[in-house]
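Presented below is the structure to which this report refers.
Taken together, the values in this text are just the output of simple stated rules run on the coordinates, not laboratory data. Only a predicted model underlies this, so the values are computations on that prediction, with no experimental measurement involved. Counting neighbours? That spans all protein chains shown, and the Cβs are built from the backbone with ideal geometry, glycine included.
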Amino acid sequence: SRCFEKGKRRWNTIKSISVVIPVFNEEKSVPILYSRLKFVLNKLKIRYEIIFVDDGSTDKTLVNLKSITNKDSNVKIVSFLKNLGKAEAYAAGFNQATGDYILTMDGDLQDAPEDIPLFIRKSKEKRYDLICGWKKSKHKGNLINQILSKLFNKILTLFSGIKFHDFNCPYRLMKKEAAKQLNIYGGLYRYIPILLYLEGYTNICEMPIRNSKRRYGKSKYRFSKFYSGLFDLITVIFIKNYLKKPLHFFGTIGFFCL
Ligand code: UDP
Ligand code: MG
């Protein structure tokens, strides 16, 4: 048992992380985010890389990123010619990542880099596949949006069995192999915890983090995307469960019609 304990402790130490940050027109946030990240990551004493995915920005985001990578070899840029969306940005970032663990966060300073040590500390509890942030006190604008988002999370809990309050929180730490296995597009990035769970990565948890107001630039959040993302999710579940036995789905409907 002592051996096991030793082994366990070794497993629980994260050796390297890749921080993946999608950015679309965040010229003002990027330099501040970078310097705050550097400060926090340097103190952690683990190997790290920061991967900025420029999602076709039309402002000075890319220029600012390049001036960072000129001086810092721990920073990588992936750049899209046009705006492809956050899921594609994640996928490209995960593809480049080399760390044991991948940490995703937004590039608009709404996720505080100073919370990274919380994730690292949490990961020492056990070998989580995914640690998902939970914005306990949200700055999500109007009341209707807040109610809808609460309702949405409740529905997702009911349907997936995962007791999360904030499925959509972009601040997440996950095993590299788990992230690389994801095949996300469109609105699917919102359902990463569920998609991982369906793949068998069931060792997941939620952890309260702080949430700041957006300081610069504009939010690209649109509620209509939420619905299209919901259809994406239904598609994935259908493909996973019924692609090889469609009659189990259509047959049931047909049987009752008959
Ligand atoms: N983002 C992106 N591509 C897009 C839209 C957004 O890479 O098409 C990035 C954006 O720069 C930010 C993060 O995704 O770093 C979250 O976007 P936003 O703040 O607009 O979403 P909200 O926080 O309002 O939900
Ligand atoms: Mg934001």
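How high is the FRET efficiency from Leu247 to Asp100, r the C-beta distance, R0 41 Å, rounded to 0.05? Calculated transfer efficiency: 0.45.
The calculated FRET efficiency for Thr58 paired with Leu148, based on their beta-carbon distance and R0 = 25 Å, is about 0.25. Considering only Leu230, Leu158, Ile116, and ranking their Cα positions along the charge dipole of the chain that arises from unit charges at the beta-carbon of Lys, Arg, Asp and Glu, the one farthest toward the positive end is Ile116.
For Lys124, a cut-off of 18 angstrom between C-alpha atoms picks up these lysines, skipping any fewer than 8 places away in its own chain: Lys6, Lys8, Lys15, Lys43, Lys45, Lys175, Lys176. Sorting 155-167, 183-195 by average packing, meaning the other beta carbons within 10 Å per residue, from highest down gives 183-195, 155-167.
If R0 equals 25 Å, the separation of the Cβ atoms of Ile234 and Thr157 corresponds to a calculated FRET efficiency of about 0.90.
Applying a threshold of 26 Å to the alpha-carbon distances of Lys60/Lys220; Lys66/Lys218; Lys150/Lys245; Lys126/Lys163; Lys150/Lys220 flags Lys150/Lys245 as lying beyond it. Calculated on C-alpha atoms, the gyration radius of segment 60-138 divided by its Kirkwood radius gives an Rg/Rh of 0.98. Figure legend: label point modelled 7 angstrom from the Cα of Arg210 along Cα→Cβ; residues of segment 165-189 with amide N under 20 Å from it are 169-173.
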